[in-house]
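The values are calculated or read from the model by the stated rules, or taken from the named source; none is laboratory data. None of the values given here were measured: they were computed from a predicted structure. Here Cβ is always computed from backbone atoms with ideal geometry, including for glycine, and neighbour counts include all displayed protein chains. Accessible surface is based on the protein model in full, side chains and every heavy atom, while ligands, DNA and RNA are left aside. Shrake-Rupley method; radii C 1.70, N 1.55, O 1.52, S 1.80 Å.
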2 protein chains.
Amino acid sequence: MALRALRLSVVVVAVVALSALPRRADAAPGIRPGHKEADVIVALPGQPPAVQLRQYSGYINVNRAAGKSLFYYFVEAPIDPAHKPLVLWLNGGPGCSSFGIGAFQEVGPFRVDTEGRTLCPNPFSWTAAANLLFLESPVGVGFSYAVNEEVYKTMGDNMTAIDSHIFLLRWFDRFPEYKGREFFIVGESYAGHYIPELAITIDVQNKNPKLTPINLKGISIGNGILEFAEEQAELYEYLWHRAFISDAAHDTIAKHCKGPDDLSTVCQAARDTAYGNTGDISAFNVYAPTCHDKKVRPTDSKCMDIAGPCLAHFVEAYLNQHQVQTAIHANTALKYPWVGCRTRTYNLKRFGDSPTSMLPHLKALVTTGIRIWLFSGDFDAMVPVTATKRSVEKLQLGVEKDWRAWSPGPGKDVAGYVIAYKGLVLATVRGAGHMVTVDQPERGFALLTSFLRGEPLPSAAPQTD
Amino acid sequence: MALRALRLSVVVVAVVALSALPRRADAAPGIRPGHKEADVIVALPGQPPAVQLRQYSGYINVNRAAGKSLFYYFVEAPIDPAHKPLVLWLNGGPGCSSFGIGAFQEVGPFRVDTEGRTLCPNPFSWTAAANLLFLESPVGVGFSYAVNEEVYKTMGDNMTAIDSHIFLLRWFDRFPEYKGREFFIVGESYAGHYIPELAITIDVQNKNPKLTPINLKGISIGNGILEFAEEQAELYEYLWHRAFISDAAHDTIAKHCKGPDDLSTVCQAARDTAYGNTGDISAFNVYAPTCHDKKVRPTDSKCMDIAGPCLAHFVEAYLNQHQVQTAIHANTALKYPWVGCRTRTYNLKRFGDSPTSMLPHLKALVTTGIRIWLFSGDFDAMVPVTATKRSVEKLQLGVEKDWRAWSPGPGKDVAGYVIAYKGLVLATVRGAGHMVTVDQPERGFALLTSFLRGEPLPSAAPQTD
């Protein structure tokens, strides 16, 4: 997904062709639908035979009248899951799948090999530190669906937060041993909206005596959309400072654009021309190799190169196999293929209640005392680290521990920089794009473990000669 | 070599401990010293047995009174050398070796493996396009030496240009079949001084009817030092825009430094603090992995990973073997080991005639009509692409073909951006540091071939999506 796709997604409104068929009942005899036993994944097709994991997936209905069913994938930590926290992972978009992107390209236990059929172990799987829950949200994303298509006309941040909260309550009913477990929400990009909104919803609803409280300890957001207009404007500054666009193009934008939220034709044309001249790079990682061959092919990787530039296409091939969809209890009667992001049809224009700034939400969350960590892959032009820094500074939280280099551990390279404000930590990840854990899985995992423990990131070795 | 080393090199004056012993006479019977047959390298120790290359190395005396002997390494193109141009490669420093860095880490036919003894083929060797001459210059660098140590007190750009010119005249006498051959000079860093100065010397001396003219067709400089003070100041801007130093550090520098050439204690302290806080990264490639283990070790690479972060140390081990020094006819009686860069003792302070700006030289060269290409690896903070761009703009040459993306060929990623001014081409290399061909050898080779042919760089595919 390149820049143009995301920008267009703000203005294009199209109809999502969703089927309204109920899920097939394929639970084994004696296993009651709606109970976790029915959601057990015996094994994912192509999964390494030696791997022993407790995995579950299926649907939770969040609105019976509209038939809104949210698809989840849950994988327990292989070692000592009872003493590890529960982490909900959310991808952004809006319209991107936490299952096919978050689990299979970022932090889950497996990657898909080049033929789109075999799963390879992810050496930096976050299951080493947590029990991981991936939610395809909002309804309409990935395998999630609604029977009543009218609901797609009322999409927005607000509905997403409410549905996600109901999902969680019902998920805890299905997995009662996780009730009261330390709970964290982590995600990226437009999850910069979803996560603070869901966290506030949880905080408010936890005061409802009729509901079992959710033990929310913290949130962490990577390359989060906090002030979209500012981030879009900063994109061209980011490209210019790296000599991707010319001084002339930069001057033209400055001349024709009156501020970050200028969506005039002349300003957009200047921006489009500048970006068009960058050639076939991705604004989500301006230094990443490009995927030149999207076709799956007989594997020769033997799981060596599990995060290549075409991984998203292998995942799409994998998840569209009937046997995979059956194994994960997905609705196989949906009238459209599974796709990683439904950005062309499922977009900000439909999100009428998408706030222009998430800073008030963050400010409010700081007062609740939950742990708040933001991180930023510094190769991302779409949500540039410079824009994130500026947004955070606007919060005026006061510095608790000043800027310093961090590293995953002794003998490891500088992984980025970190500054601790009062109530909020901001860390950069050196050499990572929009999807930090794709490009820098070891650094991403180190971030997670420090975040979950509430400990400062390990310091990097000092500068030597 | 990190930032501090180079900055210190400007102010530290120390004595280079050079021996004054004459070269051992080890030519085979019947081969006259001072003739190219005496300089033939039968084979470099550890060189792959299948490789057939005509290689020469040895000394050319440029000043008999002072016993100034410059060491060179020359390797012919394996295919059709008679119809390929001659390229002189020069490294910078001042004090860095074109032989051990240029040939063995950048563009020569071999890389050194992890045990410091085996040579691996360089798949992007520039010998595919040219006959390559590497000169260890000025005298005192690498294996080059002077009998009379007094000459080290008069070092400078001027002496370097004169000695290099005399070297070339005498080298052509030793290799007369190259007289009149299309000749190009390519190099990087402080060669941003050496190359324009040598080119001007050649241009002037070519008018001397007593000398055989040198057929200089063009020069190309990568991450060249053109205006050192500006580049040093821009370093901190570069780091700040990439979120390597904090806003606070950036503000402190702005407060305490009055312009780029402010060398006051308070300004330098502010800069040192900012850079010190970046952790153990290299200003020459701020995204490169760090070398954590400088020791050579039994090879297990089988020539797979021939450009790792510790390559410089393997080269140093290789070139300090007695059998290697004997094979290349080096002076084995020098009282100090071979090192890649003699920057601590051999530095700008000794270069009394180092101009603060090379722009007048470039302007003068444009009028001679020779081909001038500058290129810039965009991961280099030491000579940042933004500084190079600004310096070139000061030349006010007028744009001939505007900014565009380039690529080594169809189906290849964007390699960088290029703008053609009247008489000068400026190209960036995406994802390369100070030593472009170390990080992006394929892109570096594509640059060379277009430069030698005098053809525009191939265009990259347009932006998709």
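At-a-glance table
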| quantity | calculated |
| --- | --- |
| At 0.890 mPa s and 25 °C, Stokes D of the protein assembly as shown from Kirkwood alpha-carbon radius, µm² per second | 82 |
| Per-selection Rg to Rh, the range B:344-389 - Cα, Kirkwood hydrodynamic radius | 1.05 |
| Number of partner chain Cβ atoms within 10 Å, mean per residue of A:409-419 | 4 |
| Test item: A:279-292 mean partner chain Cβ contacts at 10 Å | 5 |
| Chain A: Cys lacking any partner C-beta under 4.7 angstrom | none |
| Share of carbon and sulfur in the accessible heavy-atom surface of the range B:309-465 [1.4 Å probe, %] | 55 |
| The range B:232-277: Cα Rg divided by the 2.2 N^0.38 Å rule of thumb | 0.99 |
| Candidate residues B:H35, B:H361: accessible-area rank, largest first, probe 1.4 Å | B:H35, B:H361 |
| Ascending list, in nanometres, of distances separating the A:R64 label from those of the other copies (7 Å, Cα toward Cβ) | 10.8 |
| Radius of gyration and Dmax over the Cα atoms of the range A:268-313, both given in Å | 14.5, 45 |
| Distance violations [Cα-Cα > 22 Å] among A:K84/A:K217; B:K84/B:K412; B:K84/B:K210; A:K412/B:K294 | B:K84/B:K412; B:K84/B:K210 |
| Per residue solvent-accessible surface (Å²) - the protein assembly as shown, probe of 1.4 Å | 38 |
| Summed buried accessible surface, chains B and A, 1.4 Å probe, nearest 100 Å² | 4000 |
| Position A:Q268, label points 7 Å along Cα→Cβ, spacing to each other copy in nm (shortest first, one decimal) | 5.4 |
| Accessible area, probe 1.4 Å, largest first, for residues B:C257, A:C267, A:C341 | A:C341, B:C257, A:C267 |
| Loop trypsin sites (Lys or Arg not before Pro), the range B:363-465 (other Cβ atoms within 10 Å of the site Cβ: 16 or fewer; DSSP) | B:K422 |
| Cross-link partners of B:K389 among lysines (Cα-Cα below 18 Å; sequence separation of 8 or more within a chain) | B:K363, B:K401, B:K422 |
| Fraction of beta bridges assigned by DSSP in the protein assembly as shown that are antiparallel (%, nearest 5) | 55 |
| Residue of chain A nearest the A-to-B rotation axis [by Cβ], rounded angstrom distance | A:H241, 2 |
| Calculated Rg and Dmax of chain B using C-alpha coordinates, Å | 21.4, 70 |
| Label distances, nm, A:K255 versus same residue in remaining copies, Cβ-directed 7 Å point | 3.9 |
| Shielding of A:185-194 by partner chains, average beta-carbon count, 10 Å | 0 |
